1. Regarding segment 238-257, can at least one residue be identified that is in contact with a strand residue (DSSP E or B) (Cβ under 8 Å, 6 or more places away or on another chain) and polar (S, T, N, Q)?
2. All but one of (1) crowded, with 21+ Cβ neighbours inside 10 Å; (2) in a loop (DSSP other than H, G, I, E, B) hold for residue 377; which doesn't?
3. Within segment 254-299, can you find the residues that are in contact (Cβ under 8 Å) with a residue 40 or more places away in the chain, assigned to a strand (DSSP E or B) and within 12 Å of the ligand (Cβ to nearest atom)?
4. Go through (1) under 21 Å from residue 452 (Cα atoms); (2) within 16 Å of the ligand (Cβ to nearest atom); (3) among the acidic types (Asp, Glu) one by one and return the number of the condition residue 189 breaks.
5. Scan segment 280-310 for residues that are charged (D, E, K, R) and closer than 13 Å to residue 331 by Cβ and jot them down.
6. Looking at segment 126-150 only, could you name the residues that are under 15 Å from residue 50 (Cα atoms) and of a type outside the set (A, V, I, L, M, F, W, C)?
Amino acid sequence: MVGRSSFLIVANRLPVDRNVEQDGTASWRRSPGGLVTAIAPVMQRRHGAWLGWHGAADEELEPFEQDGMSLIPVPLSATEVELYYEGFSNATLWPLYHDVVAPPVFERPMWETYRAVNERFANAAAEAAEEGAVVWVQDYQLQLVPAMLRKLRPDLRIGFFLHIPFPPVELFWRLPWRRELVEGLLGADLVGFQLPGGAANFRRLCRRLLGVPYKGNEIFLEDRVVTTQAFPISVDFGELDSMVREPQVISRAKEIRMELGDPEHVLLGVDRLDYTKGIGQRLEAFGELLKEGRIGPGEAVFVQIATPSRERVDEYRRLRDDIELQVGRINGENSVLGNQPIQYFHQSYGKQELAALYLAADVMLVTPLRDGMNLVAKEYVSCHHDLHGALVLSEFAGAADELRQSFLVNPYDVEDVKRQMLTAMRATPHELARRMRTMRRRVATYDVDRWASEFLTALETPASAPATSHSASWRSG
Ligand code: GDG
């Protein structure tokens, strides 16, 4: 049994995946991803613990140790996975928070299960945290945890970070359970967002919904102050930068280009297969450029990696069919013998293969309709110490705030996407280097370590005293 911890991460998923060998023996492997990389050293220094679901339904596991981290599994039943995870998290909150690019589902059993599962996470966190511990709750699946946890353990310092956008008041207002969700978040001492705009949306919502005043970053409740602030997440720049200097990654990148028929331009998209990512929009733009003859036969190959995601949610099943139909049509109309302009892969790849793909790509297409940040854009930049490569980036990705030297597009405007794709393809090496150098400086400076340490420093710095002069009428608890 793991003892109580002074530092606790609470997230929907544990940072490990179970790997079952052919002989049936199972072991855990750290899952890839920046969050784990950034937080692992802090966990080791502070003897931290990570609380989350281990990925299998209807299974209870004891806490265990992995890579110097204490892991505390939280069980979920198959019905809870359906209603809390696939349902309220991914069929209600996900589309609502992403500008309603798909219609959100509002169903009471989903909400009730979301609340019950959040309660379970809060109880488990209250058990695992030592007196005065720092608890960092992650993301939209657990927005009720901060208030539930504060009620059980007022001695804790509680932080919350939202990885996806926080929507404008007008959209959030539709949610039948809007009040409970906002009250849930206000249980934290610090609520972090990707962008200042998300933090501003949240503060406005608190005032309108609960009548609580705010000034600058601080929301004044009757008995305490909640700080709201933007912390744009980033990637492990150093790791990617050294990975693409490894001889096997360099030769794999060359091999990829050869396998693609050595075209003049390799275009690349890497996304979870999600309707927020604008995959259809970029395919449409590419298809039109081919049809109009503005990209010649064999001149460019567009590699689209669409990693399987949330396959049991209806909207995702429909999306997969739509995208595959679209790829088939464009290839059918534009292929010549021995050359298919779109290479589509509904598969996951290892980190090194992904790095080789980034390195091989002349133009990276990141065209979400709405995205909290988008790490793929920052990963691409981290992989181009050669200063080659162009990033075509949607204005609606959080990353667009920092990567101003990308080729920015409005993904809803197909002509704009086409124009910027061509501009990126035709840009001179000098122009590309100028843009890439500035973007790399930004990502190298604001890497994922910096993100985590800035959040934790802000969490551990006490906010202003709750001032009654701000006349808050709403009391937390
Ligand atoms: C949410 C927010 C925010 C993809 N395919 C493979 C693979 N990936 C990796 C990428 C990247 C990650 O998955 C995707 O991150 P994104 O940021 O692009 O998108 P979401 O999954 O939607 O993440 C987002 C993020 O949280 C962090 O706060 O930026 O806005 O929506 O790292 O490289 N990795 C491997 N194989 C694949 O096939 N190994």
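1. no
2. (2)
3. 268, 269, 270, 271 - these are the residues of segment 254-299 that are in contact (Cβ under 8 Å) with a residue 40 or more places away in the chain, assigned to a strand (DSSP E or B) and within 12 Å of the ligand (Cβ to nearest atom).
4. Unmet condition: (2).
5. Scanning segment 280-310 gives a single hit, 291.
6. Passing the criteria: 127, 130, 138, 139.
Every residue, every condition in (1) surrounded by fewer than 17 Cβ atoms within 10 Å (Cβ to Cβ); (2) of a type outside the set (Asp, Glu); (3) closer than 30 Å to residue 354 by Cα, yes or no:
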{"site": "176", "(1), (2), (3)": "yes, yes, no"}
{"site": "185", "(1), (2), (3)": "no, yes, no"}
{"site": "188", "(1), (2), (3)": "no, yes, no"}
{"site": "211", "(1), (2), (3)": "yes, yes, no"}
{"site": "217", "(1), (2), (3)": "no, yes, no"}
{"site": "240", "(1), (2), (3)": "no, yes, yes"}
{"site": "248", "(1), (2), (3)": "yes, yes, yes"}
{"site": "253", "(1), (2), (3)": "no, yes, yes"}
{"site": "256", "(1), (2), (3)": "no, yes, yes"}
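Residue-by-condition table, conditions (1) modelled with pLDDT under 95; (2) assigned to a helix (DSSP H, G or I); (3) buried (at least 20 other Cβ atoms within 10 Å of the Cβ); (4) not polar (S, T, N, Q):
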| site | (1), (2), (3), (4) |
| --- | --- |
| 439 | no, yes, yes, yes |
| 443 | no, yes, yes, yes |
| 454 | no, yes, no, yes |
| 459 | no, yes, yes, yes |
| 462 | yes, no, no, yes |
| 475 | yes, no, no, yes |
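The values are calculated or read from the model by the stated rules, or taken from the named source; none is laboratory data. Fair warning: this is a prediction, and the values are worked out from it, not measured in the lab. Positions of Cβ are generated from backbone atoms using ideal geometry, with glycine treated the same way; all protein chains shown enter the neighbour counts.
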